1. Could you pull out every one of the helices (runs of 4 or more DSSP H) wholly within the range 109-219 that has 2 or more residues that are modelled with pLDDT under 90?
2. Of everything in the range 43-62, what is open to solvent by 40 Å² or more (accessible area, probe 1.4 Å) and in a helix (DSSP H, G or I)? Give them in sequence order.
3. List the pairs whose first member sits in the range 44-64 and is among the charged types (D, E, K, R), whose second member is open to solvent by less than 10 Å² (accessible area, probe 1.4 Å), and whose Cβ atoms are under 6 Å apart, counting only residues at least 6 apart or on separate chains?
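The values are calculated or read from the model by the stated rules, or taken from the named source; none is laboratory data. These numbers come from a predicted model, not from an experiment. Neighbour counts run over all protein chains shown; Cβ positions are idealised from the backbone, glycine included. We work out accessible area using only protein heavy atoms, side chains counted, and drop any ligands, DNA or RNA first. Shrake-Rupley method; radii C 1.70, N 1.55, O 1.52, S 1.80 Å.
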Amino acid sequence: MRVVIAEDSVLLREGLTRLLTDLGHDVVAGVADAEALLKKVAELDAQQALPDVVVADVRMPPTHTDEGVRAAVRLRKDYPDVGVLVLSQYVEEQYATELLAGSSNGVGYLLKDRVAEVREFVDAVVRVAGGGTALDPEVVAQLLGRSRKQDVLVGLTPREREVLGLMAEGRTNSAIARQLVVSDGAVEKHVSNIFLKLGLSPSDGDHRRVLAVLTYLNT
């Protein structure tokens, strides 16, 4: 494989370079920030020598927020044949979702702890370089968890969503009825349906309202 590594930690960057080189892969460049990464890949493209895969940290200089993942998303758009594997200290759902938007071919998201498991890490790099996908189990667990939360609300009607949104604002049934210009009984029926569809049983008592709002906010 031809690999470009983007990591601001010199120790980790050199360690990854040594690891991949010792296994027979060609690390064609190592850079410390997102701007340098984009520039290097553009240079390699001009030389008709694009890498097979880029391994990049999610957070890099100058702000150490999202420079790395932004560069990764741009590379996926500009060079769809180049695999992109990002490394993160912990799962950041927003970044993972953005990276995985569209095609999931040639993309990976791993926690940095996974690098210590050398065989798994190298297998992931090879898989992404070949157009496959490599997702950390923690990433999968969190994204699936969020999907399940969203799926719960799919069963609500537009009116029930509206009522739940007003509940989240702290409004009582009477206040909701006035806002929607409907009877108190109509609101009570909507609230009962919301509890039923969210799987909140009468045994949950008054906490059902709080639990329903928390479910709404968590999505």
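1. Working: elements: 118-129, 137-154, 158-168, 173-180, 184-197, 207-218.
The qualifying helices (runs of 4 or more DSSP H) are 118-129, 137-154, 158-168, 184-197, 207-218.
2. Within the range 43-62, E43, D45, A46 qualify.
3. D57/E7; D57/G68; D57/L87; R59/G68
So that you can scan it fast, the table gives a plain yes or no per residue for (1) within 24 Å of A116 (Cβ to Cβ); (2) among the charged types (D, E, K, R); (3) outside the structural domain of L111 (by the TED database):
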residue	(1), (2), (3)
A6	yes, no, no
T17	yes, no, no
D26	yes, yes, no
G30	yes, no, no
A34	no, no, no
V54	yes, no, no
E67	no, yes, no
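Conditions tested, residue by residue: (1) assigned to a helix (DSSP H, G or I); (2) crowded, with 16+ Cβ neighbours inside 10 Å.
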{"residue": "T17", "(1), (2)": "yes, yes"}
{"residue": "K39", "(1), (2)": "yes, no"}
{"residue": "H64", "(1), (2)": "no, no"}
{"residue": "V69", "(1), (2)": "yes, yes"}
{"residue": "L87", "(1), (2)": "no, yes"}
